[in-house]
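What follows is a short report on a single structure.
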Amino acid sequence: MKKVITYGTFDLLHYGHINLLKRAKELGDYLIVAVTSDDFDKSRGKINVKQPLMERIEAVRNTGLADEIIIEEYEGQKIDDIIKYDIDIFTVGTDWVGKFDYLNEYCKVVYLERTRGVSSSKIRSEEKKLRLGFIGDSNILFKHLAESHYVNGIEPVAVFSEIKIEKYSSIYTSSYEEVLEKSDAVYIITPPDTRYEYIKKALKEQKHVICEAPIALETKKCKELFEYASNNKLILMEAIKTAHSTAFNRMCLLVKSGEIGDIVSIESTCTSLAQIDFNDREAILGQIDSMCDWAPTAFLPILKKKKKNYRDYRIITKKSPIEKNFDLFTKCEFIYDKAIASFKIGKGVKSEGELIITGTKGYAYIPAPWWKTDYFEIRYENQSENKRFFYQLEGEGIRNELVAFLKYIEKRKSGNADKTNSIAISSLMENYYADKNCIHI
Ligand code: C2G
């Protein structure tokens, strides 16, 4: 019996895939189709896949062409499979010609002519595109604009910013109103104390919103925004790119599954020493303070693990001697029933930007810069048991964040998880600016 194997994502199965499978089947007597897992696709940069693995497997099964279906989960698995299943022929389309010649050492490699005029990404892109507008005077806006080009289904259509970048000159507008007019959704990175108004205006214009964190500096206002969004079937999402990093989320799942035992302590550090003269008040005023710039991210691992039901908290903060509203360094400590959590942040200091989650069996360690990591370790007393994990992270996780935003909109799934975190962040900000439980050093 001549056994053939072929591999693919098979997203939004189309006639190009089916042509390939038919000809692959004709090459032998038994066809194995390996469908790529969601993680494996993400790790190889395919972040736009619309259908989850099981849907894609079902679509391949329904063609009736596969005698067996397996899952491709890691780089190099093809060699394992060819040996394990005693394969005679490996085949893929000619878009991969040459890429798999090394497999000739194990079996015959056949590249089948790719069917012209159809592809999953073309189908994804033909679907109605989300017209995304941008507002804010920050370079991070242009990181999001650049990353939006990697997301099938998003079209950047309007920018309102003091920062002028030539290559986007065709989509600059002269007002926020114009941005809203041209868009279905808007990305907001205006100063933190203005975001509430900008979000409210966009929601009233029936636009979805993705906004840098914190989206509001008072709990009441944050709740009001989410309520309005939910009542109008709009998506309001806080842009914390770390929340969409595969490595960070896999680490959270492992910890949640008891891999390190009961959590006793969580410590996260985020610093980025601002390259300014801290004796120049104007320079400081041009900066977002440490709490607004870093607390939402630094707080994330705590909220993901322990939520916001802390029993007590205190905030230790060091303000600039010449601008009392700017914190150079802040540490927040949270007391839970059976654990303590803290984060240290600062734009006027430098420290090791790591995340450590202490457990009764071991600990999770993400090295600096943990907030945009592709790597983490689970460590034990017996170091030979330590485990290391790597998950590719493209574009610091911004494109993953935009893909998540788009999926929320497509599924009209209100961003409940984000809502809980966003409200917890806004209430921390409210307490901080009200100087509640604050110790000044
Ligand atoms: N294909 C084709 N004609 C098209 C589109 C795709 O013949 N118009 C073929 C591809 O060449 C591939 C298979 O259909 O052999 C599945 O294509 P995709 O789902 O796009 O997945 P891809 O990432 O190309 O799969 O590691 C090998 C890869 O997994 C191959």
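The values are calculated or read from the model by the stated rules, or taken from the named source; none is laboratory data. This is a predicted model, so every value here is computed, not measured. With ideal geometry, Cβ positions are generated from the backbone for all residues, glycine too; neighbour counts draw on all protein chains shown. Heads up: the accessible areas ignore ligands, DNA and RNA and are worked out on the full protein's heavy atoms, side chains in. Shrake-Rupley method; radii C 1.70, N 1.55, O 1.52, S 1.80 Å.
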For this session: Let me see the pair-distance distribution of the stretch 298-379: every alpha carbon pair, 10 Å bin width, integer percents in order.
Result: 16, 42, 33, 8, 1
Seminar exercise, completed: Expressed in angstrom and ordered largest first, the alpha-carbon extents of the stretch 250-404 along the principal axes are 51, 37, 31
Exercise. How big is the Rg/Rh ratio for the stretch 322-441, C-alpha atoms only, Rh by Kirkwood, two decimals?
Worked result: 1.01
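Give me the accessible area per residue for the stretch 336-392, probe 1.4 Å, as a whole number in Å².
52
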For this session: Could you give me the percent of Cα pairs per 5 Å distance bin for the stretch 3-119, shortest bin first, beginning at zero and ending with the bin that holds the maximum distance?
Result: 2, 12, 23, 26, 23, 12, 2, 0
Seminar exercise, completed: For K318, the lysines lying under 19 Å Cα to Cα, once residues fewer than eight places off in the same chain are dropped, come out as K331, K344, K347, K350, K436
Exercise. So what is the accessible area of the stretch 1-73 per residue, in Å², with the probe set to 1.4 Å?
Worked result: 43
Problem set entry | Cα-based equivalent ellipsoid of the stretch 73-172: semi-axis lengths in Å, sorted from largest, via gyration tensor | 44, 16, 12
For this session: Quote the relative contact order of the chain in percent (integer), defining contacts as alpha-carbon pairs under 8 Å separated by 6+ residues.
Result: 14
Exercise. For the stretch 123-241, what is the convex hull volume of its Cα atoms per residue in Å³?
Worked result: 103
Problem set entry | Within the stretch 208-296, trypsin sites (Lys or Arg not before Pro) in DSSP loop having at most 15 other beta-carbon neighbours inside 10 Å | K233
For this session: Please calculate how many Å² of accessible area the stretch 123-241 carries per residue, with a 1.4 Å probe and no DNA, RNA or ligand atoms counted.
Result: 44
Exercise. Along the charge dipole of the stretch 3-119, Cβ charges K/R +1 and D/E -1, which of T91, V49, V118 sits furthest on the positive end?
Worked result: V118
For this session: Within the stretch 246-304, list the GluC sites (Glu not before Pro) lying in a DSSP loop whose Cβ has at most 10 other Cβ atoms in a 10 Å radius.
Result: none
Exercise. Efficiency by 1/(1 + (r/R0)^6): what FRET value for I439 and K143, r their Cβ-Cβ distance, R0 = 30 Å, to the nearest 0.05?
Worked result: 0.30
For this session: Could you give the spread of the C-alpha atoms of the chain along their three principal axes, from largest to smallest, in whole angstroms?
Result: 79, 59, 41
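Using a 1.4 angstrom probe on the protein heavy atoms only, line up S272, S342 by accessible area, largest first.
Values: S272 40, S342 15 Å².
Ranking S272, S342 by accessible area, largest first, yields S272, S342.
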Problem set entry | Rel. contact order, % - alpha carbon contacts under 8 angstrom, at least six apart, the stretch 320-374 | 23
Exercise. In nm, to one decimal, how far is the N382 label point from the N309 one, both placed 7 Å along Cα→Cβ?
Worked result: 3.6
Problem set entry | Relative contact order [Cα under 8 Å, 6+ residues apart], the stretch 1-82, whole percent | 37
Seminar exercise, completed: Pseudo-spin-label distance S169 to V97, built 7 Å along Cα→Cβ, given in nm, is 4.1
Exercise. Mind checking Rg over Rh on the stretch 157-316, alpha carbons, Kirkwood formula for Rh?
Worked result: 1.01
For this session: Please give the solvent-accessible surface of Y196 in Å², to the nearest 10, using a probe radius of 1.4 Å with every protein chain present.
Result: 20
Exercise. Of Y433, Y365, which has the most accessible area with a 1.4 Å probe, and how do the rest follow in descending order?
Worked result: Y433, Y365
For this session: Report the label-to-label distance for Y74 and K256 in nanometres (one decimal), using points 7 Å from each Cα along the Cα→Cβ vector.
Result: 2.4
Seminar exercise, completed: For the stretch 77-114, listing trypsin sites (Lys or Arg not before Pro) in a DSSP loop whose Cβ sees at most 11 other Cβ atoms within 10 Å gives K99
Problem set entry | Radius 11 Å from Cβ of D193, net charge of other residues (Lys, Arg +1; Asp, Glu -1) | -1
Seminar exercise, completed: So the carbon and sulfur contribution to the accessible area of the chain, 1.4 Å probe, in percent, is 49
Exercise. Using helices alone, what [θ] at 222 nm do you get for the chain, with -39,500 (n - 2.57) per DSSP H run of 4 or more residues, divided over all residues and rounded to the nearest 500?
Worked result: -10000 deg cm²/dmol
Seminar exercise, completed: With +1 at each Lys and Arg Cβ and -1 at each Asp and Glu Cβ, the charge dipole magnitude of the chain around its Cα centre, to the nearest 20 debye, comes out at 820
Exercise. At a probe size of 1.4 Å, how large is the accessible area of E113, to the nearest 10 Å²?
Worked result: 110
Exercise. Can you give the accessible area of K347, probe radius 1.4 Å, in Å² rounded to 10?
Worked result: 10
Exercise. In what order, largest first, do F390, F343 sit by accessible area if the probe radius is 1.4 Å?
Worked result: F390, F343
